[in-house]
Amino acid sequence: MNCPFCGEIMAEGTFHDRGDSYFLPAGETPPKLWTRGVLEKKRAVILPPESFGAPFAPRPAAFWCGKCRKLLVDYGELLPPTP
Ligand SMILES: [Zn+2]
């Protein structure tokens, strides 16, 4: 894959974290109470895996641009399609 910002070829791999990560849209404040309901109310996109069993859960494919230092993470295989 080529970087959508600079066009360089991106390094392919997988993205690893400890689970329970989420994307928060601009304008929303990070919640103090981190529950699914609160995150959904804030329009957060909850990203797999959940922290329980995270070391063994499948990881999303990822592409890294060393020039821009940008990471593109593909959750297409791990999240259900949007209705
Ligand atoms: Zn780039």
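Separation of segment 54-83 from segment 1-38 is 8 Å, based on Cα centroids. For segment 10-42, chymotrypsin sites (Phe, Trp or Tyr not before Pro) meeting the loop criterion (DSSP other than H, G, I, E, B) and having at most 11 other Cβ atoms within 10 Å: Trp34. Loop-resident trypsin sites (Lys or Arg not before Pro) (DSSP state other than H, G, I, E or B) in segment 5-83 with no more than 13 further Cβ atoms inside 10 Å of their Cβ: Arg18, Lys32, Arg43, Lys67, Arg69.
Taking 0.36 nm per residue of separation and subtracting the Cα-Cα distance, full extension of the segment from Tyr75 to Thr35 would add 12.3 nm. Computed extension gain for Asn2 through Cys68, at 0.36 nm per residue and net of the alpha carbon distance, reaches 22.6 nm. Please give the net charge around Ala62, taking every other residue with its beta carbon less than 14 angstrom from that of Ala62, where Lys and Arg add +1 and Asp and Glu add -1. So the surrounding residues net to -1.
In this simple spin-label model, placing a label point 7 Å from the Cα along the Cα-to-Cβ direction at both Ile9 and Arg43 gives a separation of 3.9 nm. A straight Cα-to-Cα reach below 22 Å connects Lys32 with the lysines Lys41, Lys42, residues fewer than 8 places away in its own chain not being considered. Checking every one of the GluC sites (Glu not before Pro) in the chain against DSSP loop status and a limit of 11 other Cβ atoms within 10 Å picks out Glu77. Over the C-alpha atoms of the chain, the Rg to Rh ratio, Rh being the Kirkwood estimate, stands at 1.01.
All of the numbers you see were taken from the coordinates with simple rules; none came from a lab. Since the model is a prediction, treat every value here as computed from it, not as a measurement. Neighbour counts run over all protein chains shown; Cβ positions are idealised from the backbone, glycine included.
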